[in-house]
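**Student:** Encoded as structure tokens, here's the structure I'll be asking about.
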Amino acid sequence: MLTQAFETSARTRSKILGMPNHPQVFVDHPLASKTEAEVNAMAEAAVDEIANALLQTPVAA
């Protein structure tokens, strides 16, 4: 799980490592200015997407 500000970097890195289809989950940026409750709510909202990303088998390039 990464913030949207790092999406391009994360996707590029995955491609460089030969895993362009590696599942990734992105949440709003920035986190630093959010309260703990706001971050928890963001994580709760992303939990299904995170679980799906962890359970799927990435398709080889």
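Please treat every number below as a calculation from the coordinates, not as lab data. Every value quoted in this text rests on a predicted model; they were computed, and no experiment measured them. Cβ placement follows ideal geometry from the backbone for every residue including glycine, while neighbour counts extend to all protein chains displayed.
**Student:** Please work out the FRET efficiency for the pair E7 and A37, using the Cβ-Cβ distance as r and a Förster radius of 25 Å; give the result to the nearest 0.05. Let's see the in-between values first.
**Tutor:** On the way: r = 25 Å, r/R0 = 0.98.
After rounding, the FRET efficiency stands at 0.50.
**Student:** Another question about this same structure. So how do I50, I16 line up by other beta-carbon neighbours within 10 Å, fewest first?
**Tutor:** On the way: I50 14, I16 9.
With the sparsest Cβ surroundings first, the list reads I16, I50.
**Student:** Now for a separate question. Run through all the Cα pairs of the chain and give the fraction in each 5 Å bin from 0, expressed as whole percent.
**Tutor:** Each 5 Å bin holds this share of Cα pairs: 4, 19, 23, 22, 17, 10, 5, 1.
**Student:** Determine the dipole magnitude for the range 2-55: charges of +1 sit on the beta-carbon of Lys and Arg, -1 on that of Asp and Glu, nothing else is charged, the reference point is the Cα centre, and the result goes in debye to the nearest 20. Let's see the in-between values first.
**Tutor:** Working: 4 positive and 7 negative charges, 84 e Å.
Roughly 400 debye for the range 2-55.
**Student:** Right, next: Which residue, chosen from H22, A5, A41, occupies the Cα position most advanced towards the positive end of the dipole of the chain, where the dipole is computed from +1 (Lys, Arg) and -1 (Asp, Glu) charges on Cβ about the Cα centre?
**Tutor:** Farthest towards the positive end: H22.
**Student:** Given H placed on each backbone N at 1.01 Å, which residues far from L2 in sequence or on other chains put an amide H within less than 5 Å of it?
**Tutor:** Correct list: V25, F26, V27.
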